1. Quick test for you: out of 185, 157, pick the one residue that is surrounded by fewer than 20 Cβ atoms within 10 Å (Cβ to Cβ), in contact (Cβ under 8 Å) with a residue 60 or more places away in the chain and not in a helix (DSSP H, G or I).
2. Cβ contacts < 9 Å: first residue surrounded by 13 or more Cβ atoms within 10 Å (Cβ to Cβ), restricted to the stretch 241-254; second residue modelled with pLDDT under 75 and in a helix (DSSP H, G or I), any location; separation 6+ or different chain. Result?
3. Assess whether residue 118 counts as being part of a helix (DSSP H, G or I), within 30 Å of residue 79 (Cα to Cα), touching a residue at least 40 places away in the same chain (Cβ under 8 Å) and not assigned by TED's automatic domain parsing to the domain that holds residue 79.
4. Taking the stretch 160-175 as the region of interest, how many residues are surrounded by fewer than 16 Cβ atoms within 10 Å (Cβ to Cβ) and either touching a residue at least 12 places away in the same chain (Cβ under 8 Å) or outside the structural domain of residue 210 (by TED's automatic domain parsing) (or both)?
5. Out of the stretch 125-154, which residues are without any contact (Cβ under 8 Å) to a residue 40 or more places away in the chain and outside any strand (DSSP E or B)?
6. Among the numbered conditions (1) more than 21 Å from the chain's Cα centre (by Cα); (2) part of a helix (DSSP H, G or I), tell me where residue 174 comes up short.
7. Return the residues of the stretch 37-52 that are modelled with pLDDT of 80 or more and surrounded by 14 or more Cβ atoms within 10 Å (Cβ to Cβ); say none if nothing qualifies.
């Protein structure tokens, strides 16, 4: 047994590494829009390979061997948004600083959201973390102002010029308003999800930002991280989520399980 371990320990290490990568790859891709396509493609290729081996179909075997290179390129194209987000997160790990609003700024933001909720004024916010949101800020109007309840509620008044876009908050300041966020194409069971909620999902799919939403139809408060939306939260629940996710003392909160789908019906924006 000892001789066997000495001779094959590298094989064990390779198997362990591949198993870990495969498992985390499955966890990451299972909820993406390309997951069903990937599953169908794998079933088709495995079925063809099995039939070709059993019936000794030489042409199909030859085609399957040659198509593997093109399949790898197709997978890169198919999962481009997901791969871009992973690489962006890996390249933006904090070293010396961490972008987060201070507690007073969070209090101001949540107070403004409660006022907007009571008035049924839709709103969308993105809180920057490690990944720079400058490309999205450039799609709106640069403000660079301190957070204030009056300013936020004014921006999202229905007849103002900036109320349709999102607000980017960086280090407790309003960086830009009227910003255009990418809209998530993720398949969800609830077809009532509005464009504002999909934009919150989209910005958190492509970056590590945290998005906050006030529903225009119901006034419900929602929070989104990593493309996962938690809907209809009480202000205290929302503050607890933000404190947990924005904590600089531990990274454990980044690994906790999150709901795969919104648990309550969402209204349109």
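1. 185
2. Listed by first residue and then by second, the contacts come to 244/253; 245/253; 245/254; 246/253; 247/253.
3. no
4. Adding up the residues that qualify gives 4.
5. Within the stretch 125-154, 134, 135, 138, 150, 151, 154 meet the criteria.
6. Exception for residue 174: condition (2).
7. 45, 48, 49, 52
The values are calculated or read from the model by the stated rules, or taken from the named source; none is laboratory data. Everything quoted here is computed from the prediction, not taken from an experiment. Ideal geometry is used to build each Cβ from the backbone, glycine not excepted, and the neighbour counts take in all protein chains shown.
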